[in-house]
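What follows is a set of notes on a single structure, which appears directly below.
The values are calculated or read from the model by the stated rules, or taken from the named source; none is laboratory data. Note that the structure is a prediction, hence the values are computed from the model and not measured. Cβ placement follows ideal geometry from the backbone for every residue including glycine, while neighbour counts extend to all protein chains displayed. These area figures cover heavy atoms from the full protein model, side chains too; ligands, DNA and RNA do not enter into them. Shrake-Rupley method; radii C 1.70, N 1.55, O 1.52, S 1.80 Å.
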Amino acid sequence: EADIYQTPRYLVIGTGKKITLECSQTMGHDKMYWYQQDPGMELHLIHYSYGVNSTEKGDLSSESTVSRIRTEHFPLTLESARPSHTSQYLCASNLGGYNEQFFGPGTRLTVL
Amino acid sequence: AQKITQTQPGMFVQEKEAVTLDCTYDTSDQSYGLFWYKQPSSGEMIFLIYQGSYDEQNATEGRYSLNFQKARKSANLVISASQLGDSAMYFCAMREGPGNTPLVFGKGTRLSVIA
């Protein structure tokens, strides 16, 4: 069982609000990732981190930011939410190499 | 160019039959890893099976096996004895190089198992 957690699981907010999606893992993994996924569609990598104080942007242009101050914590922040941000956000981590990548349960975000 | 191609947007299979989900990949690296994940309607991502580029044997995990054809750059997932609970989205993914790059996913195949 994966020890990776995301909160909130569901979030409905109005346009213009600032939100932070939380992701934590207790496996001591250095590598963490954020993916955005519309229902039934492919996963798009938006941010990743290879360790504390390391963050990189992924393939999908995103108006979000991330931080990695602690190994176990990798929050995603939207400064000003828009309806186009409505999607599922999946957090993941792995030990590195070709080890299995574990996923959190996801946050389903709706911006009105 | 797409690194992972899944050409079957949707597939149907009869319960208890076997089904093959196609995946082709594109990389110039000699070292890479291939993964399959299942995503039920609940949304979680479930790891199914892994194949390393240097593995000589096809990977197997219970009812799942990976038909790895390196020269063709294909890594098809075979599910034997399909069950109703196998109905889900299935994603093929690849990690290139020494293993420190993010997983890249295909667009997925929606499998529906019919009773």
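Among the residues making up region A:57-91, those that are within 12 Å of chain B (Cβ to nearest Cβ) and at pLDDT 95 or above are A:87, A:88, A:89, A:90, A:91.
Check region B:85-99 and report whether any residue there is more than 14 Å from the chain's Cα centre (by Cα), at the interface with chain A (Cβ under 9 Å from one of its Cβ atoms) and within 23 Å of residue A:44 (Cβ to Cβ). Yes.
Mind listing just one residue for me: the one in region B:105-115 that is crowded, with 21+ Cβ neighbours inside 10 Å and not in a loop (DSSP other than H, G, I, E, B) and, of those, nearest to the other protein chains (Cβ to nearest Cβ)? Looking at the filtered set, the residue picked out is B:105. Within region B:42-50, not a single residue is touching a residue at least 12 places away in the same chain (Cβ under 8 Å) and over 22 Å from residue A:93 (Cβ atoms).
Residue-by-condition table, conditions (1) open to solvent by less than 10 Å² (accessible area, probe 1.4 Å); (2) within 12 Å of chain A (Cβ to nearest Cβ); (3) in a loop (DSSP other than H, G, I, E, B):
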position	(1), (2), (3)
B:37	yes, yes, no
B:42	no, yes, yes
B:51	yes, yes, no
B:67	no, no, no
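The set of residues from region A:30-56 being facing chain B (nearest Cβ under 8 Å), more than 14 Å from residue B:103 (Cβ to Cβ) and not aliphatic (A, V, I, L, M) comprises just one member, A:40.
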